[in-house]
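The values are calculated or read from the model by the stated rules, or taken from the named source; none is laboratory data. All values derive from a computational prediction rather than experimental measurement. Don't worry about glycine lacking a Cβ; one is built from the backbone with ideal geometry, like all the others, and counts go over all protein chains shown. Keep in mind that these areas ignore ligands, DNA and RNA; they rest on the heavy atoms of the full protein, side chains included. Shrake-Rupley method; radii C 1.70, N 1.55, O 1.52, S 1.80 Å.
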Amino acid sequence: MYAKFQKYLQDELKAIEDAGLYKHERTICSPQGAEITLADGSKALNFCANNYLGLADNPRLIAAAKKAMDERGFGMSSVRFICGKQDLHEQLEKAISEYFHTEDTILYAACFDANGGVFEPLFTKDDAIISDALNHASIIDGVRLCKAVRYRYANADMEDLERCLKEAQAQRFRIICTDGVFSMDGNVAPMDKICDLAEKYDALVMVDESHSAGVVGPTGRGVAEQFNLYGRIDIHTGTLGKSFGGAVGGFTTGRKEIIDMLRQRSRPYLFSNSLPPMLCAAGIELFKILGEGNELHDRQQENVSYFRDKMVAAGFDIHPTESAIVAVMLYDPILAGKFATAMAKENIFVTSFTYPVVPKGKDRIRVQLSAAHTREHLDKAIAAFIKVGKELEVIS
Ligand SMILES: *Cc1c(COP(=O)(O)O)cnc(C)c1O
């Protein structure tokens, strides 16, 4: 049987390669950070990690993880409802609730699981899920697993959301779900308007803070802080894999009864292993670091402004950003690919995004700024952008 299937896979893989869509992976032989070392010993500056606060190689997180391994072991070898949890899981859930000003928190192995397991336990075919068209794949999959009636509105389009809310009056309960920051353009969801519409049309609100946590709001505490919406957002989901240390782990935080119900019924929680103690301990230390001051967030914000202003001054077309994501618009898939390759030759890692990840004709290079970048790193990246931009006649 495999011979036939193998031929099919080989043909499909070749088609992916021929279309220029095959995802080749780099091999990094250093910790993740602003400067990385590759397998061949060469060094590069990384501008495509979600390492927004530069904590992926933080010594305090590493020390906390090591200590927890010594004191609490390597793994849990179980799911929570069978063997229970450690004190570290409780402390991390509490730290997340305090950070987001929410009532309770449930941990998952990843935010992909948090989103995959948030809808099905709460809503039935009698209810409505109203989803932004540009929501993350994990929200889309989570919605697919739930029998609720689905509505989709154009990205951050409040008129279109209102249309959906009117139609969804036919259902028992309604929930609006959105990314906090959309990962392609770096725009922030208009959460104040979303919450106003939710009130007007009697809907719940869920936001995925994966790219907004640690970035958006005066101290980086996400969209509720940015728009002063404490108490008006019912569910936040998020990841420990971006701003919050960059390892793995996800969470859902929000209203007490919602979290209670997820503990009873959410399948990725019930049927998947608990987070290992080292990740919980590092997470607890992380929120301690974030509670000590705003220095990392301030530096990240300064880096975004510095980079964006210099790039605009150089003549690049920069998508207006409200986050740590800066989209350098190129409007052509082949050009975007060439640009990223040429940047890699300058030892600057950035990624090109082309159709179908972004709409046709909206091809771009996505840059992600971090608190770990120094002024010198930024200047090197900007110089490389200008050099390549001139070579490829993107700027004059
Ligand atoms: C990265 C991301 C996720 C997935 O997070 P993991 O913890 O890596 O599974 C989910 N939602 C959004 C919006 C993301 O950007």
Discussion item. So, in region 364-385, how many residues would count as being of a type in the set (A, V, I, L, M) and open to solvent by 40 Å² or more (accessible area, probe 1.4 Å)?
Written reply: 1
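Kindly provide the set of residues from region 313-363 that are acidic (Asp, Glu) and buried (at least 20 other Cβ atoms within 10 Å of the Cβ), ordered by number. Talk me through it step by step, then tell me what you get.
Just the residues of region 313-363 that are acidic (Asp, Glu), to begin with: 317, 322, 332, 346, 363.
Result: ASP363, single match.
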Practice prompt. Could you check, for region 181-191, whether at least one of its residues is more than 25 Å from GLY54 (Cα to Cα) and either within 16 Å of the ligand (Cβ to nearest atom) or hydrophobic (A, V, I, L, M, F, W, C) (or both)?
Written response: yes
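Can you pull out the residues in region 20-38 that are surrounded by 10 or more Cβ atoms within 10 Å (Cβ to Cβ) and either part of a loop (DSSP other than H, G, I, E, B) or more than 23 Å from the chain's Cα centre (by Cα) (or both)? Can you show your working first?
The initial filter retains those residues of region 20-38 that are surrounded by 10 or more Cβ atoms within 10 Å (Cβ to Cβ), namely 20-22, 26, 28-38.
If the condition is that a residue be surrounded by 10 or more Cβ atoms within 10 Å (Cβ to Cβ) and either part of a loop (DSSP other than H, G, I, E, B) or more than 23 Å from the chain's Cα centre (by Cα) (or both), then GLY20, LEU21, TYR22, ARG26, CYS29, SER30, PRO31, GLN32, GLY33, ALA34, THR37, LEU38 are the ones that fit.
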Worksheet item: How about region 38-94: which of its residues are β-branched (Val, Ile, Thr) and in contact (Cβ under 8 Å) with a residue 40 or more places away in the chain?
Response: ILE62, VAL79
Discussion item. I'd like to check something: does region 45-61 contain any residue that is surrounded by 15 or more Cβ atoms within 10 Å (Cβ to Cβ) and in a helix (DSSP H, G or I)?
Written reply: yes
Discussion item. Just checking: which of the helices (runs of 4 or more DSSP H) contained wholly in region 231-337 hold 2 or more residues that are within 16 Å of the ligand (Cβ to nearest atom)?
Written reply: 267-270, 277-292
Worksheet item: Just checking, how many residues over region 130-173 are open to solvent by less than 40 Å² (accessible area, probe 1.4 Å), among the β-branched types (Val, Ile, Thr) and within 16 Å of the ligand (Cβ to nearest atom)?
Response: 2
